[in-house]
Amino acid sequence: MNLAQAKLSCVCVGAILALTTSTGLANPLPSADVDFPEINPPQIALGQLLFFDPILSGNKSVSCATCHHPRFNTADGLSLGIGDGGVGLGTERVIDAANPPEKRIPRNAPALFNLGAAEFVSFFHDGRLEVDKTRASGIRTPLGGEMESGFATLLSAQTMFPVLSAAEMAGHFSENDVSKAVRQGVLTGPGGAWDILAKRIEDIPEYRARFDPIIGADDPIHFTDISDAIAAFVDFEWRATNSPFDLHLRFDQPLEAMAEAGKQLFYGEAGCASCHSGLFQTDHDFHAIAMPQIGPGKAAGFERHQRDEGRMRVTGDPADAYAFRTPSLRNVAHTSPYGHSGAYGTLEGVVRHHLDPIASLNAYLESAAVLPVAIGEGDFAVMRDPDEVAKIAAANALESIDLNETEIAEIIAFLNALTDPQSLKGALGIPSSVPSGLPLDQ
């Protein structure tokens, strides 16, 4: 930060504090300050190619962009997506009859906005990847050991999970070299899944040439070099910090009347900011709010129904049952469906759920989900089991609140004011081609 920027930052903070004091809101407005990493243009440009290149999937048919595409505002528009074994993009994606998926992806694909910011210290709906300063690597993953070392950032470490997932990118057992290594538990080291993927990249001259100035011409490409580049791209591409709300914070620029009324409710009597706090409207914590469970979820294979107990699967603490991370609300009006399982296809639907979570859970309609393709049976098995629904309800920690129709509309107007139009387009966009020569998801 240079001197001029520092002075501007001080002015902004002072204005925000004055605004907070004058409004008397129950929850203070956030600071407009944000800490993003330094940018490395060659690494970002390389990461863009890798993000859109299917070469990193077992069958060379799925890229990061398949489930996190600009056309669908960095997600896929589905409650639960289709990775390996699918054809098409977003809501038009269908099962590949010649190679159908083994099962549906268990959780909703989250949006990618602002994930490079330093405040993001855990990832995934259950936070199973998180900063842990007690470990030499500085991070903790369910995989442990070698899987935790070598990553430049936590966001970089996040990329290891999709490429090792059979449903997302690795593919079915025994159908390709990556999926075979994953099923055999050979992930790192020579012949491991990461090594296979790194060698694919190493063998493509353009990729090798692009890595040379970043890691050194004499150093082999490791998977962590690939993941670092993808993370650098994701961080740079989707920084969403120029919404009407940001301009309101920085320069006291007025919001539209409905959005201003919604802001007063959000940070006031509606209590939304109790969890959706901070600049990106998340406390980065985990809460049980009786969110309906659709699809297979994350559960032990021996369970009769694949209930998704959320954070408890990470901590082992029953108090964390059915708790999921508070999502950021940046660009939330454009990132449907909502909830860890994408249970609600509309913003109004998920807002209304928060008003009376247990009643909403019990009255849940399957038509609220966006699941154009059925994969096997059981998408709504949990919701059709009264005992399972009762367990979700019993864990609820969110109190109900009475809001009239006008107030609901005002909150939705404020949520729309969290949209940064430029960030929806992305900084660099979709490349015209990738070094592997494989087709792109357009």
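The values are calculated or read from the model by the stated rules, or taken from the named source; none is laboratory data. These numbers were taken from a predicted model, which means no experiment stands behind them. Because the Cβ atoms are built from the backbone with ideal geometry, glycine has one as well, and the counts that use them run over all protein chains shown.
Could you list, in sequence order, all residues of the stretch 400-419 that are outside any helix (DSSP H, G or I) and either touching a Ser or Thr at 6+ places or on another chain (Cβ under 7 Å) or without any contact (Cβ under 8 Å) to a residue 40 or more places away in the chain (or both)? Listed by number, the residues that qualify are ASN404, ALA417, LEU418, THR419. Of the residues PRO327, PRO372, the single one that is assigned to a loop (DSSP other than H, G, I, E, B) and at pLDDT below 95 is PRO372. Among the conditions (1) crowded, with 17+ Cβ neighbours inside 10 Å; (2) outside the structural domain of GLU407 (by TED's automatic domain parsing); (3) among the charged types (D, E, K, R); (4) over 25 Å from the mean Cα position of the chain (by Cα), the only one that ASP212 does not satisfy is (1). Taking the criterion of being part of a helix (DSSP H, G or I) and surrounded by fewer than 17 Cβ atoms within 10 Å (Cβ to Cβ), the only residue of the stretch 336-351 that qualifies is GLU348. For GLN422, the conditions (1) part of a helix (DSSP H, G or I); (2) over 23 Å from ARG107 (Cα atoms); (3) touching a residue at least 40 places away in the same chain (Cβ under 8 Å); (4) over 23 Å from the mean Cα position of the chain (by Cα) all hold with the exception of (4). Scanning the stretch 77-97 for residues that are at positive phi and in a loop (DSSP other than H, G, I, E, B) gives GLY77, GLY85, GLY88. Among the residues of the stretch 319-348, those that are more than 23 Å from ASP285 (Cβ to Cβ) and either acidic (Asp, Glu) or without any contact (Cβ under 8 Å) to a residue 40 or more places away in the chain (or both) comprise THR346, GLU348. Among all residues of the stretch 222-241, there is none that is surrounded by fewer than 19 Cβ atoms within 10 Å (Cβ to Cβ) and either of a type in the set (Asp, Glu) or within 22 Å of LEU428 (Cβ to Cβ) (or both). Before we move on, is THR224 closer than 30 Å to PRO54 by Cβ and among the hydroxyl-bearing types (Ser, Thr, Tyr)? Here the answer is yes, as THR224 does meet what is asked. Only one entry of ILE392, ILE408, ILE412 meets the criterion of being in contact with an Asp or Glu (Cβ under 7 Å, 6 or more places away or on another chain) and at pLDDT 95 or above, and that entry is ILE412. No other residue among ASN99, ASN114, ASN108 is touching a residue at least 40 places away in the same chain (Cβ under 8 Å), closer than 22 Å to PHE52 by Cα and either surrounded by fewer than 22 Cβ atoms within 10 Å (Cβ to Cβ) or among the β-branched types (Val, Ile, Thr) (or both) apart from ASN99.
With the structure loaded, tell me whether ALA417 is crowded, with 20+ Cβ neighbours inside 10 Å, of a type in the set (Gly, Ala, Ser) and in contact with a Leu (Cβ under 9 Å, 6 or more places away or on another chain) or whether it fails that test. Considered against the rule, which asks whether it is crowded, with 20+ Cβ neighbours inside 10 Å, of a type in the set (Gly, Ala, Ser) and in contact with a Leu (Cβ under 9 Å, 6 or more places away or on another chain), ALA417 comes out as yes.
Whether a residue is buried (at least 21 other Cβ atoms within 10 Å of the Cβ), within 24 Å of the chain's Cα centre (by Cα) and among the aliphatic types (A, V, I, L, M) was assessed, and ALA270 does not pass this test.
Checked against the criteria, GLN264 counts as at pLDDT 95 or above, in a helix (DSSP H, G or I), assigned by TED's automatic domain parsing to the domain that holds LEU279 and more than 24 Å from the chain's Cα centre (by Cα). Summed over the stretch 145-164, residues that are crowded, with 19+ Cβ neighbours inside 10 Å and of a type in the set (Gly, Ala, Ser) total 2. Name the pairs whose Cβ atoms lie under 6 Å apart, with the first residue in the stretch 127-149 and farther than 24 Å from PHE324 by Cβ, the second surrounded by fewer than 16 Cβ atoms within 10 Å (Cβ to Cβ), and 6 or more positions between them or separate chains? So the pair list comes out as SER137/SER149.
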